[in-house]
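Single-structure report; data block below.
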């Protein structure tokens with residue numbers, strides 16, 4: 001990367017960084033791991049910046065792989081007991097932190113019950129608003145698999161006590177708030 | 001009404017993360033690391049070629065290249081580690097291999113301690129990144145007492161856990177069940193030939209993977225039964241043989257109670273594993289002279305680092321580092337042997 005490329009890279013991250021961090025948080029279903037995955041995605045993008053045609057697609061592919069690696073690294077560490085519960089505070093820069101802080105633990109806990117592929121498909125399909133074909137291309141699977149996995153994963157989520165509560169109760173509330181936002 | 005659910009899922013995902021802002025420092029760090037990386041690439045490319053050449057050369061002998069110490073005993077003499085095409089009889093050791101053989105010789109010359117119990121005092125830092133202000137950090141001394149006959153033992157903790165909201169004291173005494181640690185007899189059953197040990201380490205790693213797969217399958221079947229639906233099996237990630245061998249060998253070197261022959265052989269296995277980086281004459285985080293052995297996993301994502309004592313080949317410190325952070329760091333303060341279980345040093 002020369003100076004000019006560095007500036008272009010910084011500009012890309014300034015524009016897309018927040019969305020990438022949110023993607024990483026959903027994909028890992030964990031705030032701390034999400035930050036790790038986000039950081040590593042930037043490192044890999046920086047390393048190949050001059051050769052990447054589509055940085056958005058590159059980041060999503062790479063992030064998916066990183067999340068799998070992180071999960072594996074975690075799984076293979078010696079078992080440990082969490083001694084203190086981690087607290088998840090909202091960021092005061094957001095307009096409405098209470099909603100995020102209330103929804104987040106429930107949503108992330110529900111997402112954690114899915115497989116990595118199911119989670120990646122739901123997040124790319126709904127949060128990232130990608131079409132079935134785009135998701136299939138990003139994850140290297142067939143569009144049919146995307147469709148069937150998404151509907152299976154949704155069916156599974158509906159069985160989760162926490163999330164089904166959210167789906168039922170906050171339905172109108174959420175729709176209304178978003179429309180006014 | 002699948003459409004409504006999908007729309008709500010879209011909203012939930014958006015709302016649940018709308019207060020997350022990317023840290024500014026991450027960009028600058030990525031750029032800086034990239035600059036450093038570019039500066040390093042040329043050096044490692046040359047070193048990598050040399051390592052490959054060293055392995056392909058076939059017969060590796062101790063003492064070649066000037067730096068390695070003479071093998072301390074017959075059992076420690078590094079034999080033929082690998083043979084490949086082009087083994088023309090020329091002897092070439094890379095700098096990394098020389099250091100590993102030197103550690104191997106040092107380990108072979110250091111007798112095992114005397115006593116039934118191994119008393120390990122270590123300093124632990126483990127960071128559990130649970131959230132931005134909630135990252136839990138555990139630091140403090142810990143004394144593990146391992147019974148080398150039963151594999152059981154006891155751990156005394158002087159650890160303090162902190163997060164963004166304050167500190168807590170975890171339980172000070174933990175009992176380990178028999179068989180939690182390998183017994184001396186189990187450790188002594190491992191082969192000490194380089195090729196045999198490598199394949200035994202690989203077998204053990206594959207068994208652990210198969211066990212993880214069975215566990216996942218069990219969980220999946222239980223879920224299918226509960227929900228009356230079929231789920232696709234998630235295949236276990238593919239990990240290269242060299243990744244597995246390095247991790248198993250590094251893990252085993254962490255065991256305090258290895259026989260000199262086994263510790264010595266483990267270093268020879270590392271010398272025959274491509275991609276192992278060795279840095280002699282460095283220091284661990286408490287300032288002791290150490291040889292750093294590390295190897296970034298072929299699949300990326302994390303690096304296992306261990307600091308070795310160049311005088312006896314024992315582990316001083318080990319760390320798991322992953323993207324942007326260190327997961328765990330364990331620092332051995334000292335290793336002693338005893339014939340009775342010592343009292344809790346952190347009590348009172």
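Since every read-out is calculated from the coordinates, none of them should be taken as a lab result. Since the structure is predicted, the reported quantities are computational estimates derived from the model, not experimental observations. A quick note on method: Cβ atoms are made from the backbone with ideal geometry, for glycine too, and the neighbour counts reach across all protein chains shown.
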Inter-chain Cβ neighbour average for residues A:40-47, partner chain, 10 Å: 6
Relative packing of A:59-68, A:7-16, B:98-107, which averages over residues the other C-beta atoms within 10 Å, highest first: B:98-107, A:59-68, A:7-16
Highest to lowest packing among A:131-144, B:18-31, scored as the average C-beta count within 10 Å: B:18-31, A:131-144
Averaged over A:13-22, number of beta-carbon atoms from partner chains that fall within 10 Å: 4
Peptide-level mean, for A:29-38, of C-beta atoms on other protein chains within 10 Å: 6
Burial ordering of A:147, B:268, B:347, fewest other beta-carbon atoms within 10 Å first: B:347, A:147, B:268
